Amino acid sequence: MVKRELRFGGFLRVLMMALISLSVMWPVAESAASSSNKSKKPVASKTAKKQASKATRKEATARKSTRTKTASARNKKGRTVVAQRRQAGPGTIRTAVRSSRADVVRVAAPARLTVGERLGLRSSDDPLDLNSSVALVVDQDTSEVLFSKNDGAVLPIASLTKLMTGLVVADANLPMDEQITITTDDIDTYKGSGSRLAVGTTLSRGELMHLALMSSENRAAHALGRTFPGGMEHFVRLMNAKARELGMYDTRYVEPTGLLSQNQSSARDLATLVSVAYQRPILRELSTSPGYQLNVGRRVLQYNNSNRLVHNPEWNIGLQKTGYISEAGRCLVMQASVAGRKLIMVFLDSAGKVSRLQDAERVRRWVENQGTPAVNHQPVTQTLVTRPQG
């Protein structure tokens with residue numbers, strides 16, 4: 001009995017020792033296990049991130065490849081559509097875009113028609129097959145009309161307006177060295193066209209005339225009218241009064257830049273204007289200047305003539321002016337010596353950026369090759385400075 005109690009007591013002591021040891025070791029083991037788990041977790045996270053990163057890169061590459069192929073398909077499709085439509089009719093389609101989400105071709109709206117196109121003048125035939133809807137070629141010395149096409153049509157004249165702007169300023173005998181500052185009033189709010197003449201730029205009146213006539217600078221032309229004695233309204237009244245004085249009864253001006261399509265005239269009136277403007281040396285010099293460097297602060301701005309024919313040694317141009325707005329098409333007036341004759345050329349509503357220059361070249365070659373100039377083989381005499389209304 002005593003031996004059993006001793007054995008049982010020993011067993012209890014061993015059990016108690018074991019429990020005590022377990023209670024002491026358990027927190028240590030748990031902490032070690034926790035530390036082990038924590039040390040393994042970042043490894044697993046890094047692996048997962050690497051795999052996710054690879055998957056993301058693959059997906060991005062796939063998307064990029066898809067976009068590239070889609071864009072390529074769009075470009076090819078766009079070129080094909082435009083080419084087909086241009087063969088069907090000029091100026092009808094500008095762009096074509098194919099949607100990748102649906103099998104649909106989006107086509108831009110038709111280009112805006114010029115006033116000449118709406119009047120059907122573009123369909124007029126002529127012996128020289130000119131691009132311009134309106135054309136007139138006159139011998140400046142004899143007033144003989146060598147070539148005429150729709151010369152009585154009244155159309156928007158765009159920046160050809162600036163030639164009258166220059167004439168009014170020149171005839172006012174204002175000081176050309178007077179300093180004029182470009183203001184916010186000179187910003188184009190009609191068409192939203194840009195300009196390198198920043199607000200606050202100060203130039204002489206002569207420099208503004210130079211840029212307006214040579215490079216068709218709109219802010220320069222507007223500033224000339226705005227600062228004219230009496231203000232802009234008075235200046236425009238003088239433009240119209242000068243037109244009536246010269247017998248330009250088809251002509252109307254509403255502002256000095258030509259940005260508004262309400263500035264209108266006919267080829268016959270414009271031939272008269274060119275003949276009169278040619279008599280002003282300052283207008284001849286500034287309009288035919290090939291280029292001009294303008295110092296503005298620390299910058300030097302290079303302005304070039306908007307008519308590249310002035311750079312051509314085959315041409316002897318005494319006065320010129322170009323013009324363009326969407327309603328008017330491409331326009332050009334010139335005084336030039338061809339085959340020993342002083343000619344006045346007027347081209348209105350021409351399609352394409354270089355078409356008016358091509359028409360001028362075609363007329364020059366035609367005059368050089370002609371023994372007897374004629375309009376439909378019948379010479380016509382016309383006074384350039386004054387003529388009856390109509």
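In this structure, Gly194 qualifies as modelled with pLDDT under 95 and closer than 18 Å to Val296 by Cα. When residues in the stretch 200-232 are screened for being of a type in the set (Lys, Arg) and under 18 Å from Gly258 (Cβ atoms), 2 of them pass.
Looking across the stretch 180-216, the residues that are touching a Lys or Arg at 6+ places or on another chain (Cβ under 9 Å), outside any loop (DSSP other than H, G, I, E, B) and buried (at least 21 other Cβ atoms within 10 Å of the Cβ) come down to Asp186, Leu208, Leu211, Ala212, Leu213. Considering (1) in contact with a Phe, Trp or Tyr (Cβ under 8 Å, 6 or more places away or on another chain); (2) surrounded by fewer than 24 Cβ atoms within 10 Å (Cβ to Cβ), the lone condition that Arg252 does not fulfil carries the number (1).
Quick check on the stretch 274-293. Is at least one of its residues surrounded by fewer than 16 Cβ atoms within 10 Å (Cβ to Cβ), part of a strand (DSSP E or B) and in the same structural domain as Asn218 (by TED's automatic domain parsing)? The answer is yes; a qualifying residue exists. Counting only strands (runs of 3 or more DSSP E) wholly contained in the stretch 294-338, the ones carrying 3 or more residues that are more than 23 Å from Asp349 (Cα to Cα), touching a strand residue (DSSP E or B) at 6+ places or on another chain (Cβ under 8 Å) and not hydroxyl-bearing (Ser, Thr, Tyr) occupy 299-304. When the stretch 325-342 is limited to residues that are touching a Gly at 6+ places or on another chain (Cβ under 9 Å) and of a type in the set (Val, Ile, Thr), the one that is surrounded by the most Cβ atoms within 10 Å (Cβ to Cβ) turns out to be Val333.
This table checks each residue for (1) of a type in the set (A, V, I, L, M, F, W, C); (2) under 23 Å from the mean Cα position of the chain (by Cα).
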{"position": "Gly231", "(1), (2)": "no, no"}
{"position": "Asp250", "(1), (2)": "no, no"}
{"position": "Leu273", "(1), (2)": "yes, no"}
{"position": "Ile282", "(1), (2)": "yes, no"}
{"position": "Trp315", "(1), (2)": "yes, no"}
{"position": "Gln320", "(1), (2)": "no, yes"}
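To keep it simple, each residue is scored yes or no on (1) over 29 Å from Trp366 (Cα atoms); (2) modelled with pLDDT of 95 or more.
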residue: Ser123; (1), (2): no, no
residue: Leu155; (1), (2): no, yes
residue: Leu163; (1), (2): no, yes
residue: Asp171; (1), (2): yes, yes
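The values are calculated or read from the model by the stated rules, or taken from the named source; none is laboratory data. No experiment lies behind these values; they were computed from the predicted model shown. Neighbour counts run over all protein chains shown; Cβ positions are idealised from the backbone, glycine included.
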